[in-house]
Amino acid sequence: MTKIARSSGPFLEWLDRWMADLPDETMSGLVKQTGGASRVAVFCVDLTVGFCSEGALSSPRVEGIVEPIARLFRLAHSSGVRQFILPQDSHPADSPEFGAFPPHCVAGSAEADTVPQLEALPFASTFVRIPKQSVSPAAGTDLEETLDSLLVDTAICVGDCTDICLYQMAMFLKTRATAEGRPVRVVVPADCAQTYDMGVDDAAKVGALPHPGDLMHGVFLYHMALNGISVVRTIDA
């Protein structure tokens, strides 16, 4: 057993218990605590065809959160929430990001489209879609300007991947609010977040870095909580 494995064992056992004991939250409670639905916004990162069902980076693990997120959207809207912001990959064909990840979600392709389950919602025309060309939702995008036009005291963050773009989204909202001296609550429901899995052997076959999905999902949920983000099991009515 390696030094890292030995020293991390107790933490990993604790992490399993922590994830199993995550509290539930309610939409009605969030709206009430915030002072009204107009001060709540849902941020959904990268729930696109290219990460769910089609293309080199599609993952059945990520596809598994589509229905829970669609359900959360319906719940939020029925509770009066009207601010739905969707930062989504929309890359040029020669994106530098393709040096780190296989080509995906090229602008104009089906992969860059929002998943059909969200497009089918009757209020989909109100979504604020923010094309992005990197794992950051803010670098080189209109996110800052969008936030300046909104009044958000509670930000619900969902999507993929837990350890990459969703992490960047939640941390950006939290650190931006902290730097501005505003007590914005950022909430991440674990049942609406997920990341991909690639074992050591499979990674070696394709010349990629391994990516243990369960571990990365848990560690990054924990790291968001460590930074003051409210990580919950789910958000009910």
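Quick rundown of the values:
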| quantity | calculated |
| --- | --- |
| For the chain, size of Cβ-based charge dipole, Lys and Arg +1, Asp and Glu -1, in debye | 720 debye |
| Given charges at Cβ of Lys, Arg, Asp, Glu: the stretch 92-180 dipole, positive-most of GLY108, CYS157, THR141 | CYS157 |
| Mean Cα-pair separation over length for the chain, i.e. relative contact order, pairs under 8 Å, 6 or more apart, % | 25 percent |
| Proxy reagent accessibility, fewest Cβ within 10 Å first, across TYR222, TYR167, TYR196 | TYR222, TYR196, TYR167 |
| Max mean-square fluctuation residue, GNM over the chain, Cα-Cα springs under 10 Å, options LEU215, LEU86, LEU12 | LEU12 |
| Spatially proximal lysines relative to LYS32 (Cα-Cα < 28 Å; intrachain offsets below 8 disregarded) | LYS174 |
| Amide hydrogen neighbours beyond the local backbone of PHE43, cut-off 5 Å, H modeled | ILE85, ILE156, CYS157, VAL158 |
| Eligible lysines near LYS205 by straight Cα distance, threshold 27 Å, same-chain separation 8 or greater | LYS3 |
| Gaussian network model of the chain, springs between alpha carbon atoms under 10 Å - residue of ALA120, ALA193, ALA107 with greatest fluctuation | ALA120 |
| Long-range amide H partners of VAL186 with built H, under 5 Å | ALA155, SER230 |
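Throughout, read-outs are computed from the coordinates displayed, never taken from laboratory work. Worth saying up front: this structure is predicted, and the values here are computed from it rather than measured. Ideal geometry is used to build each Cβ from the backbone, glycine not excepted, and the neighbour counts take in all protein chains shown.
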